[in-house]
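The values are calculated or read from the model by the stated rules, or taken from the named source; none is laboratory data. Predicted model, so just to flag it, every value in this text is computed and none were measured. Here Cβ is always computed from backbone atoms with ideal geometry, including for glycine, and neighbour counts include all displayed protein chains.
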Amino acid sequence: MTEPGFLRQPDARPMSEQPTVLPDKQPTLRVATMPADTNPAGDIFGGWIMSQVDIAAGVVASQRSRGRVVSVAVNAFVFKQPVSVGDVVSFYAEVVRVGRTSITVDVEVFALRHPTDPLVVKVTEATLTYVAVDLQGRKREIPTGVR
């Protein structure tokens, strides 16, 4: 459910800044951006966003596999909008495919901007693949019938 005030009516902002709504589910991860996370242009460093996406996707992959997983591929990663210092960034991760030993996860990332006049903008989409491993780091089968 979207909290009151998080959706604004379309206005004169550029199309890239037109508002959206947060998904009607709990985020896997939510983080406030800080000045230490910026690149030389003053935006949040793309690598910081990538690492947070990997954390969020890894959380759901680990939960689904009932154990340790390792990142093996970034299948897709699209930066749609820059992220600014002070944005509250929400990461929504969902398992989209489960194989014998691998799990594919989609992540959508939204930024909540302007706390005095809130605006939600989708900033990133990504798809990552993980492999379930045992304590020795060898591939292991993912339990079936588990959600």
**Q.** Number of positions in the stretch 74-114 that are of a type outside the set (D, E), farther than 30 Å from D134 by Cβ and buried (at least 18 other Cβ atoms within 10 Å of the Cβ)
**A.** 8
Q) Within the stretch 61-71, is there a residue that is within 14 Å of the chain's Cα centre (by Cα), assigned to a strand (DSSP E or B) and surrounded by fewer than 20 Cβ atoms within 10 Å (Cβ to Cβ)? A) no
(Q) For the stretch 97-112, which positions are part of a strand (DSSP E or B), over 14 Å from N75 (Cα atoms) and of a type in the set (V, I, T)? (A) V98, V109
Q) Are there any pairs, at least 6 apart or on different chains, whose C-beta atoms fall under 6 Å, with the first in the stretch 75-96 and in a strand (DSSP E or B) and the second aromatic (F, W, Y) and exposed (fewer than 15 other Cβ atoms within 10 Å of the Cβ), and if so, which? A) none
Q.
If I ask for residues that are buried (at least 17 other Cβ atoms within 10 Å of the Cβ) and assigned to a helix (DSSP H, G or I), which ones from the stretch 29-48 would you list?
A. D37, W48
Q: Show the residue pairs that are 6+ apart or on different chains and have beta-carbon atoms under 9 Å apart, the first residue being within the stretch 113-130 and closer than 21 Å to A93 by Cα and part of a loop (DSSP other than H, G, I, E, B), the second being at pLDDT 95 or above and among the hydrophobic types (A, V, I, L, M, F, W, C).
A: none
**Q.** Residues of the stretch 13-28 classified as out of contact with any Pro (no Cβ under 9 Å at 6 or more places or on another chain) and either in a loop (DSSP other than H, G, I, E, B) or modelled with pLDDT of 95 or more (or both), total
**A.** 10
